[in-house]
1. If you go through the range 164-172 one residue at a time, do you hit one that is surrounded by fewer than 20 Cβ atoms within 10 Å (Cβ to Cβ) and at pLDDT below 95?
2. Output yes when any residue across the range 54-61 is part of a loop (DSSP other than H, G, I, E, B) and over 18 Å from the mean Cα position of the chain (by Cα), and no when none is.
3. For the list (1) surrounded by fewer than 21 Cβ atoms within 10 Å (Cβ to Cβ); (2) in contact with a helix residue (DSSP H, G or I) (Cβ under 9 Å, 6 or more places away or on another chain); (3) modelled with pLDDT under 90, I need the number of the one condition that residue 56 fails.
4. Considering only residues that are in contact with a helix residue (DSSP H, G or I) (Cβ under 9 Å, 6 or more places away or on another chain) and crowded, with 20+ Cβ neighbours inside 10 Å, which ones fall in the range 188-204?
5. Looking at 73, 78, which is the one that is in contact with a strand residue (DSSP E or B) (Cβ under 8 Å, 6 or more places away or on another chain), part of a loop (DSSP other than H, G, I, E, B) and either in contact (Cβ under 8 Å) with a residue 24 or more places away in the chain or under 26 Å from residue 55 (Cβ atoms) (or both)?
6. Within the range 206-232, track down each residue that is part of a loop (DSSP other than H, G, I, E, B) and out of contact with any strand residue (DSSP E or B) (no Cβ under 9 Å at 6 or more places or on another chain).
7. If you check 201, 139, which single one turns out to be over 24 Å from residue 47 (Cα atoms) and in contact (Cβ under 8 Å) with a residue 12 or more places away in the chain?
8. For the range 155-205, enumerate the residues that are over 20 Å from residue 252 (Cβ atoms) and assigned to a helix (DSSP H, G or I).
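The values are calculated or read from the model by the stated rules, or taken from the named source; none is laboratory data. Please read these numbers as outputs of a predicted model, since none were measured by experiment. Note: ideal-geometry Cβ built from the backbone for every residue, glycine included; neighbour counts use all protein chains shown.
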């Protein structure tokens, strides 16, 4: 299903289209260049999709190493270029029986949408949208998920600013402490980390083991989660947009 939508989006955009003012596009390469983390080559691909039932219909953005299969990037540790020091990356390994890093705990499954998107990129499916108008055309009138895979802090800020300039809204998460708190939720892996971010005025998104861990004075349970009855989607909720939402509460979700 994801592949079909990606291919359909590529046909709509048209290879080489730049995105004129007023147009709306379905997919494209919105950045290709050095990672701001380590200078390695990366690519950012945006696709408009309704394939994720939790997030709802959104522009999904994949931050990838441009020069290697995402599974190899994970296995060798080269994913540091797109994920930074995120603790969920796991440990690099030379074990020939493994297809990704040992102990990887990231919720994003590399063999599904990430790999499909990377292979479509290699085939030339996605048109170039690396202009201000091209990026704005992809986000126009839509909800945007900044960093479906990868940390948005690896990408120049103007890329995201262009993408959301005419958007309905966005969600964003980062493990890079202090990276654009007005835009992104700070990913916190412990209560102590979350408390430190709260003290500095940052909103957090925290994964907890059970509902009892949620600090109700500072946090709310993710409304799109199973535990909350999936009463909405990320696209409709719009809570995870850093301090731009002006919400006093951070967000927590139970690990699955």
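1. No, there is no match, as no residue in the range 164-172 is surrounded by fewer than 20 Cβ atoms within 10 Å (Cβ to Cβ) and at pLDDT below 95.
2. To start, the set of residues in the range 54-61 that are part of a loop (DSSP other than H, G, I, E, B) comprises 54-57.
Subsequent filtering for residues that are over 18 Å from the mean Cα position of the chain (by Cα) retains none.
No, the range 54-61 contains no residue that is part of a loop (DSSP other than H, G, I, E, B) and over 18 Å from the mean Cα position of the chain (by Cα).
3. (3)
4. Residues satisfying the conditions are 188, 202, 203, 204.
5. After applying the criteria, what remains is 78.
6. 216, 217, 229, 230, 231, 232
7. Answer to the selection: 201.
8. Result: 157, 158, 159, 160, 161, 162, 163, 164.
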